[in-house]
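To start, the structure under review is shown below, and the notes come after it.
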Amino acid sequence: MALVFTDSHGKVVEFHGDKSEISWRISCYGVVRNDAGAYLFVPAGDGKLHFPGGAAAVDEALRDVAVRETAEETGYRVTVTSTQPIHVNEQAFYHRRTERFFRSIQLFFPAVLTQQARDKSLVLATDSWREPVWRQLAELSSTELHPTIRQLVTALQSTNLT
C-alpha cells in the first residue's frame, strides 16, 4: 500500500519504496504578530499563506530555529515569547528539490518583532521565495491558507493564543 505525501504545491505524491527512506524532520515556525494585530505570512510554493519557518539543525534550540527561519524567509528580526509552542502539527511531505520524503513534526512559536524595519540582507532568496505579507486574521479565508496552518489560524481567530 502506498503512503501519501504532499509537496509544497499541494500535489499528492505517493511513496511505494522502503520506509527506511523516509526521514523524520522537526520544523519550527514563528507566529509573528505586529502592534497593529496583523500576522506575518509567507506564500508557500502553491501560493497559500504559511507562517515563516523550516527545518531544525541538530545543534539548534527549537526556539532559535523559529527566529532564524523567520529572518531568512522575511528579513524581520523577531523574539520568541514562549518556551512552549502554541501549536503542534504533523505533516507527511515530499521535498521536490532534494527528492526526499519526510514525516515532519511542526512546532509553532509565538513571536514579536524586535525591530520594525525589515532587513532584506537577512533573506536567503531561493527559487521558491516570495514576498512576505502582513494580514489581519479576520480578513483571511481558509482557502488562502496552507492546509497545515488552518487549524492554528482558526484557533487564533477565536482566542488570543499569542
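Considering only residues that are over 18 Å from L113 (Cβ atoms), touching a residue at least 24 places away in the same chain (Cβ under 8 Å) and of a type in the set (S, T, N, Q), which ones fall in segment 131-162? Listed by number, the residues that qualify are T148, Q151.
Which one is surrounded by the most Cβ atoms within 10 Å (Cβ to Cβ), of the residues in segment 108-118 that are within 14 Å of the chain's Cα centre (by Cα) and either aromatic (F, W, Y) or modelled with pLDDT under 90 (or both)?
Filtering segment 108-118 for residues within 14 Å of the chain's Cα centre (by Cα) gives 108-111.
With either aromatic (F, W, Y) or modelled with pLDDT under 90 (or both) added as a condition, the list becomes 108-109.
On the way: F108: 24, F109: 27.
Of everything passing the filter in segment 108-118, F109 is surrounded by the most Cβ atoms within 10 Å (Cβ to Cβ).
Number of residues in segment 1-47 that are free of Cβ contacts under 8 Å to residues at least 60 places away in the same chain and in contact with a Ser or Thr (Cβ under 9 Å, 6 or more places away or on another chain): the value is 1.
Could you tell me whether any residue of segment 99-107 is at pLDDT 90 or above, in contact with a Ser or Thr (Cβ under 6 Å, 6 or more places away or on another chain) and of a type in the set (F, W, Y)?
Pass one, segment 99-107, residues at pLDDT 90 or above: 99-107.
Those still in the list that are in contact with a Ser or Thr (Cβ under 6 Å, 6 or more places away or on another chain) too: 102, 104, 106.
Filter again for of a type in the set (F, W, Y), leaving 102.
Within segment 99-107, one or more residues are at pLDDT 90 or above, in contact with a Ser or Thr (Cβ under 6 Å, 6 or more places away or on another chain) and of a type in the set (F, W, Y).
For T81, indicate whether it is at pLDDT 95 or above and over 15 Å from the mean Cα position of the chain (by Cα). Judged against the criteria, T81 is a match.
Here the condition is being under 15 Å from the mean Cα position of the chain (by Cα), acidic (D, E) and at pLDDT below 90; of E90, E131, it holds for E131 alone. If you go through segment 119-150 one residue at a time, how many are touching a helix residue (DSSP H, G or I) at 6+ places or on another chain (Cβ under 7 Å), surrounded by fewer than 18 Cβ atoms within 10 Å (Cβ to Cβ) and part of a loop (DSSP other than H, G, I, E, B)? Residues flagged as touching a helix residue (DSSP H, G or I) at 6+ places or on another chain (Cβ under 7 Å), surrounded by fewer than 18 Cβ atoms within 10 Å (Cβ to Cβ) and part of a loop (DSSP other than H, G, I, E, B) within segment 119-150 amount to 2. One residue stands out in segment 36-78 among those that are exposed (fewer than 14 other Cβ atoms within 10 Å of the Cβ) and not aliphatic (A, V, I, L, M): the one that is modelled with the lowest pLDDT, namely G47.
The values are calculated or read from the model by the stated rules, or taken from the named source; none is laboratory data. Note that this is a predicted model, so its numbers are computed, not measured. A quick note on method: Cβ atoms are made from the backbone with ideal geometry, for glycine too, and the neighbour counts reach across all protein chains shown.
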